Amino acid sequence: MGETYWPCSFEKEMIIWLTGQPGSGKTTIANNLLIRLNNHQKKIINIDGDNLRSILINKDYSREGRIKNIKVAQNIAQFLHEKNFIVIVSLVAPFLDVREDFKSRCNVNEVYLETTEIRGREHFFSKDYKKPINNFLYLDTGKNSVEECTDKVLSFCKLDE
């Protein structure tokens, strides 16, 4: 049985997808975005990969386990987007084709985070991770502060006005 998807119909709000290897700063930037955007009286929520895995009790880091987690996050993000939320997803999501498919169906602003700093999460790295190739913002979180990264995301998403 194939999967059924529906296109996102609201363009008023958006989905901000923070992707990158573990320890790249996804959760930190997401938390700062929540603080900054809450000051603008917007409906906003974060779907974090670690929290999602805890809720789903999914400790499967195989390709299939990761795809299952990504698809659940996408479905939740799409549902909340339809309810006029700005949705921040902070999830490794290593598979380019899965991310690109979602971007083709919804108003997704992809932000790729990377660092050369050792942050203690390297044992969770995905060997299959494919970096974005188009329509994304690149941030080196080792060279930019949390505030600088947040400012760049807000500007990229046109939420800095």
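Some points to look at:
- Restricting attention to segment 17-51, the residues that are farther than 19 Å from Glu110 by Cα and among the hydrophobic types (A, V, I, L, M, F, W, C) total 1.
- The set of residues in segment 140-161 that are farther than 26 Å from Phe79 by Cα, surrounded by 13 or more Cβ atoms within 10 Å (Cβ to Cβ) and touching a residue at least 60 places away in the same chain (Cβ under 8 Å) comprises Thr141, Val146, Cys149.
- The residues on offer are Leu33, Leu137, Leu37, and the sole one that is outside any strand (DSSP E or B) and either closer than 14 Å to Gly20 by Cβ or over 15 Å from the mean Cα position of the chain (by Cα) (or both) is Leu37.
- Test: residue in segment 61-76 that is of a type outside the set (Lys, Arg), modelled with pLDDT under 90 and either in contact with a strand residue (DSSP E or B) (Cβ under 7 Å, 6 or more places away or on another chain) or not in a helix (DSSP H, G or I) (or both): yes
- Just so you know, in segment 40-60 the residues that are touching a residue at least 24 places away in the same chain (Cβ under 8 Å) and loosely packed, with under 13 Cβ neighbours inside 10 Å include one that is farthest from the chain's Cα centre (by Cα), and it is His40.
- Top-ranked residue in segment 100-130 [being under 14 Å from Ser24 (Cβ atoms) and among the aliphatic types (A, V, I, L, M); ranked as nearest to the chain's Cα centre (by Cα)]: Val111
- A single entry from Glu147, Glu122 fulfils the requirement of being modelled with pLDDT of 95 or more, over 23 Å from Lys43 (Cβ atoms) and not aromatic (Phe, Trp, Tyr): Glu147.
- Members of segment 77-101 found to be closer than 28 Å to Asn38 by Cβ, surrounded by fewer than 20 Cβ atoms within 10 Å (Cβ to Cβ) and at pLDDT 95 or above, listed by number: none
The values are calculated or read from the model by the stated rules, or taken from the named source; none is laboratory data. Note that the structure is predicted; figures quoted are calculated from it, not measured. Glycine gets a Cβ as well: all are built from the backbone with ideal geometry, and neighbour counts include every protein chain shown.
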